[in-house]
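Contents: one structure, followed by commentary.
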Amino acid sequence: MDRHSLGLLEFGRVCAAISERAECSRARETLRVWQPLPDAAALARELTRLDEALRRGRAPGEWCAVGRGSLDAACDAEARFTLDGPGLLEVLAWLEAARATLAAWESQDSRVQYPALAALVDELPIMESLRERLSRSLDAEGRVRDEASPALKRARQGVADGERRLHAQLERWAAPFGEGSYVTRHGDRYVACVPAAGF
């Protein structure tokens, strides 16, 4: 095996080792199939970014945040899917991470010391209105809060009022069957329990 082939083999091993530590499946797959850059200009650009990242990593303070989970499904334009509450929380986590990263790079000193990294940060999309809306609309478990929209709040209030009325009607119906009668809930249904002697 020649020197070039040995170098490629070693490069592949390093990429595979790094890919195992990646936060999301998309990053893992990208790293797993990564190849050396054939273009000298692209290689120089990446080496500059790497040098800056290593120097910035040794400096105090946070400079790059990541969200939790994977945005693979949300980023797949071909996929037909609906994000559920936990999926929307993952989107929110990445939007929060982007916001934190942007805030960490507001310092002019960092921008002067690490211009290649600052240029990458400048490419982050600003989606503050989406972040605010998701933050306002979701609770910690990914359920939609009443505050998400006035129509939702009215609808939920209507359901709660209807359930209270139904519960009261069932209690009135069960009352004549005696002291042992009561109304409970089983799953999504109300159940009126009455003593067998009442029949």
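What to note about this one:
- Inspection of region 98-105 identifies at least one residue that is surrounded by 12 or more Cβ atoms within 10 Å (Cβ to Cβ) and touching a Pro at 6+ places or on another chain (Cβ under 8 Å).
- Residue selected from region 31-49 under the condition under 32 Å from the mean Cα position of the chain (by Cα) and modelled with pLDDT of 85 or more, by the criterion surrounded by the fewest Cβ atoms within 10 Å (Cβ to Cβ): ALA42
- Candidate set: region 77-98, residues that are at pLDDT below 65 and charged (D, E, K, R); chosen: the one nearest to VAL121 (Cα to Cα): GLU78
- Flag if ALA65 is loosely packed, with under 13 Cβ neighbours inside 10 Å, of a type in the set (Gly, Ala, Ser) and either modelled with pLDDT of 85 or more or in a loop (DSSP other than H, G, I, E, B) (or both): no
The values are calculated or read from the model by the stated rules, or taken from the named source; none is laboratory data. This one's a predicted model, so the numbers in the text were calculated from it and none came from an experiment. Neighbour counts are summed over all protein chains in view; Cβ atoms, including those assigned to glycine, are modelled from backbone coordinates with ideal geometry.
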